[in-house]
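Engineer: Can you keep this structure in mind? I'll have questions shortly.
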Amino acid sequence: STTDNKIYNLSGNISNKLTVISYIFSRCPMPDMCPAIISHNQFLADSFKDNPSIDFIIISFDFLYDTPDVLLNKYGDSEKKYKNIQFLSSHNHYNDLVLLTKQSNLMFWGVEENNIGHTMRTIIIDKNNTVLKIYDGLDWKPGDVKKDIKNLLTIY
(Lines give C-alpha, C1' and ligand atoms only; values in the text may rest on other atoms or scores of the structure.)
Protein backbone atom coordinates (compact mmCIF):
# COMPACT_ATOMS: atom_id res chain seq x y z
CA SER A 1 0.00 0.00 0.00
CA THR A 2 1.07 3.57 -0.60
CA THR A 3 1.51 5.98 2.29
CA ASP A 4 -2.01 7.25 1.57
CA ASN A 5 -3.42 3.70 1.88
CA LYS A 6 -3.93 3.06 -1.84
CA ILE A 7 -3.01 -0.17 -3.54
CA TYR A 8 0.04 0.16 -5.78
CA ASN A 9 0.16 -2.08 -8.83
CA LEU A 10 3.50 -2.45 -10.62
CA SER A 11 1.67 -3.43 -13.80
CA GLY A 12 -0.79 -0.57 -13.51
CA ASN A 13 1.41 2.25 -14.76
CA ILE A 14 2.37 1.29 -18.30
CA SER A 15 3.32 4.88 -19.14
CA ASN A 16 6.50 4.41 -17.13
CA LYS A 17 9.35 3.01 -19.10
CA LEU A 18 11.42 2.12 -16.03
CA THR A 19 10.89 1.50 -12.33
CA VAL A 20 13.70 1.33 -9.80
CA ILE A 21 12.79 -0.86 -6.82
CA SER A 22 14.66 -0.91 -3.52
CA TYR A 23 13.84 -2.59 -0.21
CA ILE A 24 14.17 -1.18 3.30
CA PHE A 25 12.62 -1.21 6.75
CA SER A 26 12.06 1.97 8.72
CA ARG A 27 13.67 0.82 11.99
CA CYS A 28 16.96 -0.13 10.35
CA PRO A 29 19.69 0.72 12.88
CA MET A 30 22.53 0.72 10.35
CA PRO A 31 23.08 4.14 8.72
CA ASP A 32 25.09 2.57 5.91
CA MET A 33 22.26 0.21 4.97
CA CYS A 34 18.58 1.22 4.58
CA PRO A 35 19.14 4.95 5.15
CA ALA A 36 21.91 4.84 2.53
CA ILE A 37 19.58 3.11 0.06
CA ILE A 38 17.03 5.88 0.61
CA SER A 39 19.71 8.52 0.09
CA HIS A 40 20.84 6.83 -3.14
CA ASN A 41 17.24 6.79 -4.39
CA GLN A 42 16.78 10.45 -3.48
CA PHE A 43 19.86 11.37 -5.53
CA LEU A 44 18.54 9.38 -8.48
CA ALA A 45 14.99 10.72 -8.14
CA ASP A 46 16.36 14.26 -8.11
CA SER A 47 18.47 13.49 -11.18
CA PHE A 48 15.36 12.35 -13.08
CA LYS A 49 12.79 14.69 -11.51
CA ASP A 50 11.78 16.06 -14.91
CA ASN A 51 11.42 12.66 -16.54
CA PRO A 52 7.94 11.16 -16.09
CA SER A 53 9.12 7.86 -17.59
CA ILE A 54 10.80 6.60 -14.42
CA ASP A 55 9.64 5.96 -10.88
CA PHE A 56 11.51 5.03 -7.73
CA ILE A 57 9.72 2.55 -5.47
CA ILE A 58 11.01 1.84 -1.97
CA ILE A 59 9.28 -1.13 -0.37
CA SER A 60 9.38 -1.93 3.32
CA PHE A 61 9.52 -5.63 4.07
CA ASP A 62 8.66 -5.03 7.73
CA PHE A 63 5.09 -6.20 7.20
CA LEU A 64 4.26 -5.91 10.91
CA TYR A 65 5.55 -2.46 11.91
CA ASP A 66 5.79 -0.40 8.71
CA THR A 67 2.15 0.46 8.12
CA PRO A 68 1.30 3.16 5.57
CA ASP A 69 0.97 5.66 8.46
CA VAL A 70 4.41 4.77 9.85
CA LEU A 71 5.97 5.23 6.41
CA LEU A 72 4.08 8.48 5.86
CA ASN A 73 5.33 9.87 9.18
CA LYS A 74 8.91 8.81 8.49
CA TYR A 75 9.18 9.42 4.73
CA GLY A 76 6.28 11.71 3.80
CA ASP A 77 8.58 14.73 3.48
CA SER A 78 10.77 12.77 1.08
CA GLU A 79 7.74 11.86 -1.05
CA LYS A 80 6.72 15.53 -1.16
CA LYS A 81 10.21 16.68 -2.13
CA TYR A 82 10.81 13.90 -4.67
CA LYS A 83 7.54 13.46 -6.57
CA ASN A 84 8.88 10.38 -8.34
CA ILE A 85 9.60 8.42 -5.12
CA GLN A 86 6.90 6.24 -3.61
CA PHE A 87 7.30 4.37 -0.32
CA LEU A 88 5.22 1.20 -0.12
CA SER A 89 4.08 -0.73 2.93
CA SER A 90 3.80 -4.51 2.86
CA HIS A 91 1.50 -4.41 5.90
CA ASN A 92 -1.46 -6.71 5.12
CA HIS A 93 0.23 -7.63 1.82
CA TYR A 94 2.53 -10.43 2.96
CA ASN A 95 1.83 -12.71 -0.02
CA ASP A 96 2.60 -9.89 -2.47
CA LEU A 97 5.80 -9.15 -0.58
CA VAL A 98 6.95 -12.76 -0.69
CA LEU A 99 6.23 -13.02 -4.40
CA LEU A 100 7.99 -9.76 -5.25
CA THR A 101 11.05 -10.44 -3.10
CA LYS A 102 11.38 -13.92 -4.62
CA GLN A 103 11.18 -12.42 -8.11
CA SER A 104 13.83 -9.88 -7.06
CA ASN A 105 15.95 -12.61 -5.42
CA LEU A 106 15.96 -10.66 -2.17
CA MET A 107 15.86 -12.40 1.20
CA PHE A 108 14.60 -11.11 4.52
CA TRP A 109 13.94 -12.80 7.84
CA GLY A 110 13.22 -12.21 11.51
CA VAL A 111 10.31 -9.77 11.13
CA GLU A 112 8.07 -11.74 13.48
CA GLU A 113 10.90 -12.12 16.01
CA ASN A 114 11.71 -8.38 15.81
CA ASN A 115 15.23 -9.32 14.75
CA ILE A 116 15.22 -8.33 11.10
CA GLY A 117 17.93 -9.35 8.71
CA HIS A 118 18.03 -9.01 4.95
CA THR A 119 20.08 -9.04 1.81
CA MET A 120 20.29 -5.80 -0.10
CA ARG A 121 19.24 -5.45 -3.70
CA THR A 122 17.99 -2.71 -5.99
CA ILE A 123 16.57 -3.59 -9.37
CA ILE A 124 15.44 -1.75 -12.48
CA ILE A 125 12.46 -3.16 -14.33
CA ASP A 126 10.74 -2.14 -17.54
CA LYS A 127 7.01 -1.59 -18.04
CA ASN A 128 6.56 -5.34 -18.58
CA ASN A 129 8.20 -6.03 -15.18
CA THR A 130 11.27 -7.53 -16.83
CA VAL A 131 14.39 -7.12 -14.70
CA LEU A 132 16.91 -5.07 -16.68
CA LYS A 133 19.58 -4.32 -14.06
CA ILE A 134 20.46 -5.62 -10.60
CA TYR A 135 22.54 -3.85 -7.97
CA ASP A 136 23.51 -5.96 -4.97
CA GLY A 137 24.53 -4.71 -1.57
CA LEU A 138 25.70 -1.16 -1.10
CA ASP A 139 28.68 -1.32 -3.42
CA TRP A 140 26.80 0.40 -6.22
CA LYS A 141 27.28 4.09 -6.72
CA PRO A 142 24.32 6.33 -7.56
CA GLY A 143 26.32 8.01 -10.33
CA ASP A 144 26.84 4.65 -12.05
CA VAL A 145 23.14 3.81 -11.77
CA LYS A 146 22.29 7.25 -13.16
CA LYS A 147 24.39 6.45 -16.25
CA ASP A 148 22.71 3.05 -16.57
CA ILE A 149 19.25 4.64 -16.34
CA LYS A 150 20.14 7.23 -18.99
CA ASN A 151 21.31 4.43 -21.30
CA LEU A 152 18.20 2.33 -20.63
CA LEU A 153 15.93 5.28 -21.32
CA THR A 154 17.45 5.60 -24.80
CA ILE A 155 16.63 1.94 -25.47
CA TYR A 156 13.17 1.81 -23.91
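The values are calculated or read from the model by the stated rules, or taken from the named source; none is laboratory data. All values reported here derive from a predicted model rather than from experimental measurement. Here Cβ is always computed from backbone atoms with ideal geometry, including for glycine, and neighbour counts include all displayed protein chains. Surface areas here come from the heavy atoms of the whole protein model, side chains and all, with no ligands, DNA or RNA. Shrake-Rupley method; radii C 1.70, N 1.55, O 1.52, S 1.80 Å.
Engineer: Would you compute, from DSSP H runs of 4+ residues alone, the mean residue ellipticity of the chain at 222 nm, taking -39500 (n - 2.57) per run and dividing by the full residue count, rounded to the nearest 500?
Structural biologist: -11000 deg cm²/dmol
Engineer: Related question: Evaluate the relative contact order of the chain (contact order divided by residue number), counting alpha-carbon pairs under 8 angstrom at least 6 apart; express in whole percent.
Structural biologist: Result for the chain is 29 percent.
Engineer: If you take the beta carbon distance between residue 50 and residue 113 as r and set R0 to 35 Å, what does 1/(1 + (r/R0)^6) give as a FRET efficiency, to the nearest 0.05?
Structural biologist: 0.20
Engineer: Pull out the extension gain between residue 5 and residue 39, defined as 0.36 nm times the separation in residues minus the alpha carbon to alpha carbon distance; nm, one decimal.
Structural biologist: Between residue 5 and residue 39, full extension yields an extra 9.9 nm.
Engineer: Under 15 Å Cα to Cα from residue 102, which aspartates and glutamates show up? Leave out anything in the same chain fewer than 8 places away.
Structural biologist: Output for residue 102: 136.
Engineer: To continue, here is another question. With all protein chains present, calculate the accessible area of residue 127 using a 1.4 Å probe and round the result to the nearest 10 Å².
Structural biologist: Spelled out: residue 127, probe radius 1.4 Å, area about 110 Å².
Engineer: Could I ask something else about it? Positive end of the dipole of region 1-143, charges at C-beta (+1 Lys, Arg; -1 Asp, Glu), about the Cα centre: which of 86, 51, 115 has its Cα farthest in that direction?
Structural biologist: Farthest towards the positive end: 51.
Engineer: Of all the accessible heavy-atom surface of region 1-66, with the other protein chains kept in place and a 1.4 Å probe, what percent is carbon and sulfur?
Structural biologist: 55 percent
Engineer: Rounded to the nearest 20 Debye, what is the dipole magnitude of region 1-110 about its Cα centre when Lys and Arg each give +1 and Asp and Glu each give -1 at the C-beta?
Structural biologist: Result for region 1-110 is approximately 140 debye, rounded to the nearest 20.
Engineer: Kindly report the accessible area of the chain per residue (heavy atoms of protein chains, probe 1.4 Å, no ligands, DNA or RNA), in Å².
Structural biologist: 54 Å²
Engineer: What FRET efficiency comes out for residue 139 versus residue 92 if R0 is 22 angstrom and r is the Cβ-Cβ distance? Round to the nearest 0.05.
Structural biologist: 0.10
Engineer: Continuing with this model, one more query. Express in nm, to one decimal, how much length is gained between residue 127 and residue 153 on full extension, taking 0.36 nm for each residue of separation and deducting their alpha carbon distance.
Structural biologist: 8.2 nm
Engineer: Under 1.5 on a/c is rounded, so check that first for region 52-112, then, if it is not, pick prolate when a/b is larger than b/c and oblate when it is not; a ≥ b ≥ c are the square roots of the alpha carbon gyration tensor eigenvalues.
Structural biologist: Oblate.
Engineer: Around residue 89, under 15 Å between beta carbons, what's the net of Lys plus Arg minus Asp minus Glu among the other residues?
Structural biologist: -3
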